[in-house]
Amino acid sequence: MSNLVEVNNLNIRFTGERTVHAVNNLSLTLGEGEVLGLLGESGSGKSVTLRALMRLLPKKRTQISGTVRVLGRDVLALDDDALSAFRGQTVSMIFQEPALALDPVYTIGRQIAETVMRHEGKSQHDATARALEMLEVVRIPSAKRRLDAYPHEMSGGMRQRAMIALALACKPKILLADEPTTALDATVQIQILLLLRELQREFGMSVIFVTHDIGVAIEICDRVAVMYAGQIIEQGSLREIVRTPLHPYAKGLLASTVHGAKRGARLETIPGTPPSLDQAPSACSFAPRCAFAQPRCTAALPPDVQVGPNRSARCILVDPATAGA
Amino acid sequence: MFTYIVRRIVYVIPIVISVALVCFMLVHITPGDPLVAILPADASQELAAQLRTAYGFDRPLPVQFGLWLWKAVHGDLGHSIATGRPVLTEVMRAVGNTVTLAIAAAIIGFSFGLLFGLLAGYFRDTWIDKVATSIAIAGVSVPHYWLGMVLVIIFSVQLSWLPAVGAGPGGSGQWGWDWEHMKYLVLPAITTSVIPMGIVTRTVRALTGDILSQDFVEALRAKGLRETHVFRHVIKNAAPTAMAVMGLQLGYMLGGSILIETVFSWPGSGLLLNSAIFQRDLPLLQGTILVLALFFVFLNLVVDIAQASIDPRIKRG
Ligand SMILES: Nc1ncnc2c1ncn2[C@@H]1O[C@H](COP(=O)(O)OP(=O)(O)O)[C@@H](O)[C@H]1O
Ligand code: SF4
Ligand SMILES: [Mg+2]
């Protein structure tokens, strides 16, 4: 299986009044047709990681190192023209708050059509026809009428459907979803998740799905990477992560949802607070909250231990020999 | 949209009536006898009483108001005490000149204001922003009469490029859009334009910065739009508020500046107000204020309707 996305040793630091080491030594891959979940509590660097894949972070205040390869191209080295052609066509993004992510003074139809015109050089007429087709694909009722609707005239669920229609309008290979259901009601949430799963198969897309909600991850992901303090502290197949988590943080997360993972279950059940990110980690970031912490944990940054073909964890207790089973 | 316009117009009616009432009351709340300006100092009680009857000042106030309003609606605002000419004629001529000045100043002030504001907002915290912001601050803080006099000293006295006072050949009544007239307009228009320029710059800068920090701009970039295209979205989002501010500024300018028109002897409504005040010409003062106030009300109406027609978020039901 070839990888569509390969991120290696990604470090992202925001400079400004405060320095924030938002992403530290992060590596991940995304295979063809795969749905990877990025799971972690708020502030763990999920959105920043996602934005780095499209180089959407503010140029001036962001220092990025490492490599980000998408379909073999070095995203961090693309020039502005190539970058804007790549965004929305090869990789698309959907956002947490569709109400804020859509331009309030453009109609839905126009917002979708302008993307199609940008990437496929279609006429206004053909692009609008595509917009209509896409609204039907995401099953927005009376789609034709909705072409002329403004975002504020639609419900939250409909707006997110429109956002999905927009993101998929140019048939991207990769979809990045940043908590697309967090702002929605529970019933709408499940509809959007089902829609996304269906479209992912229909369009043959690979998806990186960011969420802080294990229940949501279980619904949609094939593989999960658990983030803590800007690092991936464990990754593996959904099944492995849910059944036999290795890292104490992942164990803590899952323990709270063992009795039937509910959507909406927040990852806040472990006592303590995440570390400040004003310095790059030089020890296990989870040590202050970890019940198994030992002097070794804070002596150096624990290595990322490979325990299987697609399975790794960053904890000194993890033993590649025994945990691989 | 149609019902919105109708409703908006209906709302204007009570405002117009209040404006008229205030203008009418002006004569009666100003200290002193309204006739004092035309009465000779040694006039007899009898003469005063006669004139009072002639001007209707002896009737009950509501009756006076009714009569005054009735006449005003028919275009009769009385006669100027100083010149004896109909107030309406004087006011309309002056308003015409002020409109000329306001339009010229608006073209200058709004163009530069929009340009500087967009640049400053887009290149926030760079030297471009600092230069544009400094110009804007200078624009709103430099005193008008001082700037006017400096311009006159440089361009009229020192360089003799432009005339300093008046409105050109034919006096106040015969404006034309040719150089012979327009050269009289240059200095007052520049002087008038600096405040709206500064205010529009500041508003548009803040607006642009605010819009650029909204999530949808990131989403526009995420879908691959080029920066020029993103900029079009920013402008369309800024337009309703920017238009409202410009409309208001245009309104202020249409009101006429007493200071600027006096410095340049520009025969507009500001200069007219000035002379009406100093000559205690109450009918003229009353008429001028009424016309200017109605102008404002009307302009507000136009701005509201224009804003509603370009901003889909304003409910027009
Ligand atoms: N543009 C930015 N400038 C400075 N700090 C940022 C910026 N974006 C995110 N951060 C910081 O980076 C950290 C990770 O944020 P984020 O990726 O949004 O977390 P989440 O996992 O909740 O999506 C947070 O501490 C956040 O404050
Ligand atoms: S490295 Fe040590 S402190 Fe960190 S999770 Fe493992 S046991 Fe806990
Ligand atoms: Mg986030």
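Quick look at the values:
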{"read-out": "Unique residue being within 16 Å of ligand 3 (Cβ to nearest atom), surrounded by fewer than 20 Cβ atoms within 10 Å (Cβ to Cβ) and of a type in the set (Ser, Thr, Tyr) when the list is A:SER42, A:SER27", "value": "A:SER42"}
{"read-out": "Residue within the stretch A:299-318 that is within 16 Å of ligand 1 (Cβ to nearest atom), surrounded by 20 or more Cβ atoms within 10 Å (Cβ to Cβ) and more than 14 Å from every other protein chain (Cβ to nearest Cβ) present", "value": "no"}
{"read-out": "Which listed residue, of A:ALA169, A:ALA162, is facing another protein chain (nearest Cβ under 9 Å) and not aromatic (Phe, Trp, Tyr)", "value": "A:ALA169"}
{"read-out": "Sole residue being within 16 Å of ligand 1 (Cβ to nearest atom), more than 11 Å from chain B (Cβ to nearest Cβ), under 12 Å from the mean Cα position of the chain (by Cα) and closer than 26 Å to A:ARG239 by Cα, chosen from A:LEU39, A:LEU50", "value": "A:LEU39"}
{"read-out": "Residue check for B:GLN279: in contact (Cβ under 8 Å) with a residue 60 or more places away in the chain and surrounded by fewer than 17 Cβ atoms within 10 Å (Cβ to Cβ)", "value": "yes"}
{"read-out": "Candidates B:LYS236, B:LYS223 - the one that is farther than 25 Å from B:LEU187 by Cβ, facing chain A (nearest Cβ under 10 Å) and surrounded by fewer than 21 Cβ atoms within 10 Å (Cβ to Cβ)", "value": "B:LYS236"}
{"read-out": "Leading residue by the ranking (farthest from A:PRO245 (Cα to Cα)) among those in the stretch A:278-289 that are of a type in the set (A, V, I, L, M, F, W, C) and modelled with pLDDT of 90 or more", "value": "A:ALA283"}
{"read-out": "Those residues of the stretch A:276-321 which are within 15 Å of ligand 2 (Cβ to nearest atom) and of a type in the set (Ser, Thr, Tyr), in sequence order", "value": "A:SER282, A:SER285, A:THR298, A:SER312"}
{"read-out": "Meets criteria (buried (at least 21 other Cβ atoms within 10 Å of the Cβ) and free of Cβ contacts under 8 Å to residues at least 40 places away in the same chain) for A:VAL75", "value": "yes"}
{"read-out": "Filter result for A:SER27 (assigned to a strand (DSSP E or B) and either at pLDDT 95 or above or within 16 Å of ligand 2 (Cβ to nearest atom) (or both))", "value": "no"}
{"read-out": "Residue count, the stretch B:87-113 (criterion: of a type in the set (Gly, Ala, Ser), surrounded by fewer than 20 Cβ atoms within 10 Å (Cβ to Cβ) and modelled with pLDDT under 90)", "value": "1"}
{"read-out": "A:VAL48 modelled with pLDDT of 95 or more, buried (at least 20 other Cβ atoms within 10 Å of the Cβ) and either small (Gly, Ala, Ser) or assigned to a strand (DSSP E or B) (or both)", "value": "no"}
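The values are calculated or read from the model by the stated rules, or taken from the named source; none is laboratory data. Computed from a prediction, not measured in an experiment: that's the story for all the values here. Every residue, glycine as well, gets a Cβ built from its backbone with ideal geometry; the counts of neighbours run over all protein chains shown.
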